[in-house]
1. Find all pairs meeting these conditions: Cβ atoms under 8 angstrom apart; at least six residues apart or on different chains; first residue within segment 260-287 and free of Cβ contacts under 8 Å to residues at least 60 places away in the same chain and more than 14 Å from residue 196 (Cα to Cα); second residue among the acidic types (Asp, Glu) and part of a helix (DSSP H, G or I).
2. Scanning for something open to solvent by less than 20 Å² (accessible area, probe 1.4 Å), touching a residue at least 60 places away in the same chain (Cβ under 8 Å) and not β-branched (Val, Ile, Thr), does segment 175-183 turn up at least one residue?
3. Give the residues of segment 36-66 that are assigned to a helix (DSSP H, G or I) and either more than 28 Å from residue 224 (Cβ to Cβ) or without any contact (Cβ under 8 Å) to a residue 24 or more places away in the chain (or both), sorted by residue number.
4. Quickly run through segment 193-215 and pick out the residues that are open to solvent by 20 Å² or more (accessible area, probe 1.4 Å) and within 19 Å of residue 95 (Cβ to Cβ).
5. Given the conditions (1) in a loop (DSSP other than H, G, I, E, B); (2) open to solvent by less than 50 Å² (accessible area, probe 1.4 Å); (3) under 23 Å from residue 195 (Cβ atoms), report the number of the one that residue 132 does not fulfil.
6. Report the residue count in segment 295-330 for those that are part of a helix (DSSP H, G or I) and either in contact with a Ser or Thr (Cβ under 8 Å, 6 or more places away or on another chain) or of a type in the set (A, V, I, L, M) (or both).
7. Being touching a residue at least 60 places away in the same chain (Cβ under 8 Å), β-branched (Val, Ile, Thr), part of a loop (DSSP other than H, G, I, E, B) and open to solvent by 20 Å² or more (accessible area, probe 1.4 Å) is the requirement here; does residue 144 meet it?
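The values are calculated or read from the model by the stated rules, or taken from the named source; none is laboratory data. Predicted model, so just to flag it, every value in this text is computed and none were measured. Every residue, glycine among them, receives a Cβ derived from its backbone with ideal geometry; neighbour counts consider all protein chains shown. What goes into the accessible areas is simple: the full protein's heavy atoms, side chains included, and nothing from ligands, DNA or RNA. Shrake-Rupley method; radii C 1.70, N 1.55, O 1.52, S 1.80 Å.
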Amino acid sequence: MEDVTKEEPLAMMGDTPLWSVAIFAARETPDELLETLRSVISAAADPTKIDILVNGNPTLATSFRELLLNEQLFQMDAQDHTYRIWDIKQGGKGHAWNQYIHAIWTGAEITFFVDGYVRPKSDAFYKLTSRLRDRPEALAGTGTPSKGRTAEKVRKKLLSEGGIHGNLFALSRHTIEVLKKENFALALGLYSFDTVLGAILGYGLDPKTNQWDARKRIIVAPDVTWLTEEKRWWNPSDVKTQLKRYLNIAQRVLEREATKYYLQKRKLPIGNLPKHVDEYVLTWMSDCPEHAKKILWRYPLSRLALRRIARPTDWSMADQAPELIFAGKI
């Protein structure tokens with residue numbers, strides 16, 4: 001396999017950039033988001049389209065814009081990257097991803113998706129690109145975590161079963177074009193972003209026709225990784241985040257079982273999946289009551305997650321188009 005390095009720039013494919021990067025932000029501080037952007041720039045080929053998608057936090061969107069204007073970011077070696085900052089009114093990473101795919105993405109051979117608190121290693125994009133070039137039949141590629149209490153467990157599971165990791169993964173141009181054509185969208189309020197998208201990819205974007213084969217269709221690259229700020233058990237905000245994470249994991253269990261039902265049992269076209277998380281989960285529970293009871297008994301915290309899912313939610317801001325608040329070149 002060819003070793004792709006930063007000393008050998010990757011050319012554009014005709015008029016189409018080789019890479020684009022979507023950075024998802026909501027609860028980060030402007031400084032944290034800036035560090036992520038710096039890491040993305042360091043890892044990016046020339047030229048790259050970089051979109052910063054700030055969802056449900058207009059204060060962060062405007063603060064980050066002002067920070068960039070006052071930073072020396074533009075004094076770095078010229079890379080001719082284009083970047084845009086988007087204010088997405090409705091919160092939720094899944095909704096921001098939908099907006100990016102259907103309203104913001106303008107085409108690239110490979111698109112990377114990065115969380116706002118994640119700092120890709122400088123060779124991450126190059127290595128993942130090399131893997132995707134080596135296996136053109138693959139729909140996606142994913143990095144794996146290298147730090148944290150559960151990193152080793154998660155990495156082994158991805159390597160043995162397949163799937164994507166939501167912190168850093170990539171989709172090919174063909175994959176995004178099919179997702180757009182089929183009008184696929186993640187359900188609003190969904191927590192298990194990577195679980196659902198990974199399942200869709202594992203079925204080759206067509207569960208009615210294809211058998212499950214995530215390991216064939218998703219490249220898992222254990223040497224593609226990133227850094228994050230270490231959590232501190234004595235920090236009240238970190239403790240609060242961890243407690244919320246336990247509830248989110250319980251919600252993931254319900255969403256995972258619902259996803260199996262829609263794709264494995266009903267084999268629904270990917271554009272026909274429910275559009276809101278309450279419908280997504282409650283339809284499965286209504287259609288499969290005995291199985292749902294077993295899941296609730298096996299995972300007691302999922303009862304609390306179910307209460308949260310069932311609460312009325314105002315999704316009206318999801319109808320608003322993303323607002324471009326800044327654009328420029330680096």
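1. 284/257
2. Among the residues of segment 175-183, at least one is open to solvent by less than 20 Å² (accessible area, probe 1.4 Å), touching a residue at least 60 places away in the same chain (Cβ under 8 Å) and not β-branched (Val, Ile, Thr), which makes the answer yes.
3. Answer for segment 36-66, where residues must be assigned to a helix (DSSP H, G or I) and either more than 28 Å from residue 224 (Cβ to Cβ) or without any contact (Cβ under 8 Å) to a residue 24 or more places away in the chain (or both): 58, 59, 61, 62, 63, 65, 66.
4. Passing the criteria: 194, 195.
5. (1)
6. Qualifying residue count for the region: 10.
7. In short, no.
Residues checked against (1) at pLDDT below 95; (2) touching a Phe, Trp or Tyr at 6+ places or on another chain (Cβ under 7 Å):
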{"position": "53", "(1), (2)": "no, yes"}
{"position": "69", "(1), (2)": "yes, no"}
{"position": "102", "(1), (2)": "no, no"}
{"position": "128", "(1), (2)": "no, no"}
